[in-house]
Amino acid sequence: MNIIIMPKVGFCYGVERSITLTKEIENNNLPKPYYLLGMLVHNDIVNNELEKSGFILLNNPNEIDNINNGTFISTAHGLKQSIKDKINLKKLPIIDTTCPIVLNNNRKILEYYHKMYSIIYIGKHNHQESDVIKEYIHLVETIDDIEKLSITNENIVLTNQTTMSIYDIETITTAVLKKYPQTIIDTIICPATKERQDTLISELEKHHGLTDFWIVIGDKKSNNTNKLVEIVKNVTNNYYFISSKKEVKNIKISNDFNYYITSGTSTPNIVINEIIEELKKE
Ligand code: SF4
């Protein structure tokens, strides 16, 4: 079997930074216990490891009401101002591990909001990144969501969650411009996400024969991983979306096939390496 690993796999800069800031907390003499304000990154392996080493995962912000000591840690996808205010009132420390790319995008959105723009935002419903700025935006995930919009403001801007796919942005931009031609387009895909999508698209163009198989490694909750899967699905059905080495048994292995490997930005390298080792054993 021929295994080809895409040039960029494993953690992106934002995920790496968020995990490092979280693990460093113990060196900073901050009060225990340490509370995670949601999944630090969208990968169960990473989150379970943190929980095993004593971090406490809060699934509901209302849980903060009953906490009077300790340190809070934001996820890589952001922290809602109302939650920040609630913790600040308790005078408890917060470690903000939000990815700087997400922070910059959210700052830009707030600026548009204060300049009285209506903000159409391409993103996922119930994703932390879009949730953080929910009250300032019109969230659209599909073309159908655009049909439901009734904006009367002349000043409209279109932006997005940083890990959407090139295809989502192209399709939705076209539909928004058709309905609201005056819209300013200010979309962004984070460089780590874009680089993986671009490489994947270019490789898929070259290799999508019957013996070419694509393995996307990542957590089912990770938006950027799901976007990689969507890109592959657009071209071929020869793909597998797996999260751990346990799932390698579901892959049809043949020495005559090529296996192209890519991963989401929150997939640990250790998991990718384990999967490659398991593939080689089959
Ligand atoms: S995928 Fe991009 S936006 Fe998300 S954490 Fe990584 S670098 Fe930041």
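Structure summary
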| quantity | calculated |
| --- | --- |
| Neighbour net charge for His114 - beta-carbon separation under 12 angstrom, K R +1, D E -1 | +2 |
| Filter on Lys86/Lys179; Lys124/Lys206; Lys8/Lys134; Lys32/Lys124; Lys23/Lys220; Lys84/Lys246 - keep pairs with C-alpha separation over 28 Å | Lys86/Lys179; Lys124/Lys206; Lys8/Lys134; Lys32/Lys124; Lys84/Lys246 |
| Cut-off 10 Å between beta-carbons: net charge of the residues surrounding Ile172, Lys and Arg +1, Asp and Glu -1 | -4 |
| The chain, helix-only ellipticity at 222 nm - DSSP H runs n ≥ 4, -39,500 (n - 2.57), divided by all residues, nearest 500 | -11500 deg cm²/dmol |
| Formal net charge of residues neighbouring Lys206 (Cβ-Cβ distance under 14 Å; K, R +1; D, E -1) | -4 |
| The range 143-224: translational diffusion in µm²/s, Stokes-Einstein, Kirkwood Rh over Cα pairs, 25 °C, 0.890 mPa s | 163 |
| Listed residues Lys124, Lys233, Lys91, most fluctuating in the chain (Gaussian network, C-alpha, under 10 Å) | Lys91 |
| Debye equation applied to the C-alpha atoms of the range 13-95, log10 I(q)/I(0) at 0.14, 0.18, 0.22 Å⁻¹ | -0.42, -0.71, -1.09 |
| Directionally averaged shadow of the chain, computed from the convex hull of its alpha-carbon atoms, nm² | 16.4 |
| Euclidean distance between Cα centres, the range 118-189 to the range 193-248, Å | 25 |
| HN-Hα J in Hz across the range 84-98 - Karplus 6.51, -1.76, 1.60, θ = phi - 60°, x for Gly and Pro | 4, 4, 4, 6, 4, 4, 7, 6, 9, x, 10, 9, 8, 9, 4 |
| Rg and Dmax of the range 100-185, Cα atoms only, in Å | 11.8, 33 |
| Dipole in debye (nearest 20) - the chain, about Cα centre, beta carbon charges: Lys, Arg +1; Asp, Glu -1 | 380 |
| Residue with peak Gaussian network fluctuation, the chain [Cα springs, cutoff 10 Å], from Leu79, Leu21, Leu158 | Leu21 |
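No value in this document is a laboratory result; all are computed from the given coordinates. Quantities reported herein were computed from a predicted structural model and do not represent experimental measurements. No Cβ is skipped: glycine too gets one built from the backbone with ideal geometry, and neighbour counts run over all protein chains shown.
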